[in-house]
Structures are given as structure tokens and as C-alpha cells.
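Read-outs: derived from the displayed coordinates by stated rules, not from any lab. What you see is a predicted model; the values in this text were computed from it and never measured. Don't worry about glycine lacking a Cβ; one is built from the backbone with ideal geometry, like all the others, and counts go over all protein chains shown.
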Amino acid sequence: MSNNLTRFDPFGDVSPFNAFRGFEDFFKDLSFRSALSNLDSGQIKVDVSENDKNYVVNAEIPGAKKDDVKVTIDGNRVSIRAETKRDTEEKEGETVVRRERYYGVQSRSFMLDHDIDDSNATAKYQDGVLELTLPKKGGNAGAKLLKVS
């Protein structure tokens, strides 16, 4: 004769872990998690470092062409704008199953502790990364559009 006893846990079905797992499974089918992870995809991600003379900014802008990247410097405010365009090629008999790459206008603006010497600032765009070298200066000047090379 076998013993078919099982332990009954009155809170097992409503424990936070089980409730959360059910909640997660419910939204998994609706791609809810994917939508949340892509909310900030329109924002350019930047790393900023500095030394005594310069700020160095590395901005991640994958898929943009050099001519579609614009940098504006106004005193200590740096603004980066880039447009990424989607290729419209469609193949007969092909259906897009999922599209996660961002297309559209991205922008980022931030202020630094020192005004920038915009006449000596440089911008280089290569392999999806914009590198700005921004010399520090005193005083204020008008806004300048920086040429990206």
C-alpha cells in the first residue's frame, strides 16, 4: 500500500513568487516586457569624461550616417541630434516577424560645468560612435553648429 499524502500549503498559490510568475507569464504573450525595455531607445547614450583642458564625449548613435548627425554648442550646453532612416526594401513573400532597431530622430542635450571653446571643438563619427573633444574656456559665446567629420 502506498502513501499518497501531500503537504497542503494554504498560501502556496498566492505567494508573491507564484503571483509574480503568473503576472509575468500573462504579459509575456503580449510582449509587455519588450515594450518596457525599449522605452528609452530614442535617447542617445553618452559617456562624458574630463581632464584639466577638455571634455571628451562618446555618444552611441548606431545606424546613423555622418551627414545626419548634428552637434550644437551654446556656452556649456551641448546638443546632439541624429536621424536614422529605415530602408524601405521589402522582399516578396517575406514577412517581418520582429523589428527592434530604432528608426527616427534621436536627440540628447546636456550641460557641462564649464563653457566650451567651440572654435577648437572637434567631432568625429565612426562605427556608430560620435566622439566630441570639447576644450574648456571662460566667457560666453553664441551658439555654434559643429561640423562632424
With label points set 7 Å from each Cα along the Cα-to-Cβ direction at D52 and T133, the distance between them in nm comes to 1.7
Once the piece of chain linking K66 and E83 is laid out straight, how much longer is it, given 0.36 nm per residue of separation minus the C-alpha distance between them?
5.1 nm
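Between S109 and L145, what length in nm is gained on full extension when 0.36 nm per residue of separation is reduced by their alpha carbon distance? Don't skip to the answer; put the middle values down first.
Details: separation 36, 0.36 × 36 = 12.96 nm, distance 1.35 nm.
Roughly 11.6 nm would be gained on extension.
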Amide H to amide H under 5 Å from I61: which residues, 5+ apart in sequence or cross-chain, H placed 1.01 Å off N in plane?
V129, L130
Under a 5 Å amide H to amide H cut-off, with H placed in plane at 1.01 Å, what residues pair with A121 once short-range neighbours are removed?
none
